[in-house]
Amino acid sequence: MKTATQRRLFAVAALAVAGSALGMVSYSDMGEDLVYYWSPTELRANANAKGATVRLGGLVVPGTLQWNRDDGTATFDVTDGSATVRVRSQTNPPQMFREGIGVVVEGKLASDGAFDTQRVMVKHSNEYQAPEGGHPPDVARTLVVDPS
Amino acid sequence: MRPPSKAERAAYAIGLVLLIVGHGLALFWVPPERMMGEVGRILYVHVPAAWLSLVAYTISFGAAVGFLFTGRRSMDHTAVASAEAGVVLNALLLATGSLFARPTWGVWWTWDPRLTSSAVMWLTFVGVLLLRSVVHDPERRATWSAVSTVMAYVNIPITYFSVQMWRSIHQVQSNPGTMDSDMVFVLRFNAFAVLFLLLGWLGTGRRIAASIDARESAPPLESP
């Protein structure tokens, strides 16, 4: 049976450990080394990037998307505003994929400077809006029929 | 076990009515999302599950600290009831998030900071409940699980702010400025439905915990 003093000591100790753990995560530079994806600038700047499997994140540059409808591959440019990387996709992107949207792609930087990916993920913004004109856009269909 | 109180019954009744109306609104009244289409409606389950799992964990944390300072066993009952509710809502959060991610992002799962910290959140509170199940002395169980709940709670602010602290595929929190006003209304409506169900659930969970506690604290029956 614990005495009240012991129990309160546990409380103070637990809160102290928990608080300092939270402080360490908040104020340390964990985010500097642990990143979910690299920007095009970081990919270009990192000499070790070639050949390693990494994630690249950025916006699809409007006007650069080219579909090959026969084999489902696509090429498009991904930018962070200062650097741009050409991405060669060997997979069908999800239905929200379009020019101007945020993407995270997993793959490798090829020796010709392009990025080969097998996995294209769409990064949606925090905007949730009703469709213009009152009807849901059939995004999947418009992507297949009219990629513009 | 004590019979349910009027407040507990009322919370379930209100929650159930709100849930039925809220899901009717979410499925048939509110417009589909511009980019996601109909699949965007999973938001009205996913986000209330997220909010209320954080609320449940926060109640559990408060009750755990309260138990350690006061020694009142009813605080431990609240802590376990809300941890259980939090784990179930957290599982719903992860499941609906995965179903949401496949058609929108293109993957069922990816180890981004928000997803990873949400999974860790689930695992740590499952750990707290597992710890409870292996400690049989009620006083010791209450103390140990209160301390582990305080530790597990560290991850809740990390999970909430993960989308702001690190790069992730998960978007940052929406707000009424980034969201259609009808969608905000339906989202909050469903969150209130889950809130009332959570309150009823806490009542039930506390009664169950109290009856287990009473049984285990009672002196052994005299055997012939």
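All of the numbers you see were taken from the coordinates with simple rules; none came from a lab. All of these numbers come straight from a predicted model, not from anything done at the bench. Glycine gets a Cβ as well: all are built from the backbone with ideal geometry, and neighbour counts include every protein chain shown.
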Distance cut-off 23 Å, percentage of C-alpha pairs in chain B lying past it: 53
Other protein chain Cβ atoms within 10 Å, averaged over every residue that makes up A:6-13: 5
Fewest-first sequence of B:Ser5, B:Ser82, A:Ser111 by Cβ atoms within 10 Å of each Cβ: A:Ser111, B:Ser5, B:Ser82
Calculated on alpha-carbon atoms, Rg and Dmax of segment B:70-141 in Å: 15.9, 49
Average beta carbon contacts from partner chains per residue of B:99-107, 10 Å cutoff: 5
Two-decimal Rg to Rh for segment A:44-126 - Kirkwood Rh, Cα set: 0.94
Dipole in debye (nearest 20) - segment A:8-80, about Cα centre, beta carbon charges: Lys, Arg +1; Asp, Glu -1: 240
Size of electric dipole in chain B: Cβ of Lys, Arg +1 and of Asp, Glu -1, about Cα centre, debye, nearest 20: 160
Hull shadow area, averaged, the protein assembly as shown [alpha-carbon convex hull, nm²]: 24.0
Relative contact order [Cα under 8 Å, 6+ residues apart], chain B, whole percent: 38
Virtual spin-label span in nm between B:Ser217 and B:Ser98, 7 Å along Cα→Cβ: 4.0
Positive-end residue of B:Pro138, B:Leu25, B:Ala63, charge dipole of the protein assembly as shown with Cβ unit charges: B:Pro138
Average partner coverage of A:115-128, which counts Cβ from other chains inside 10 Å: 6
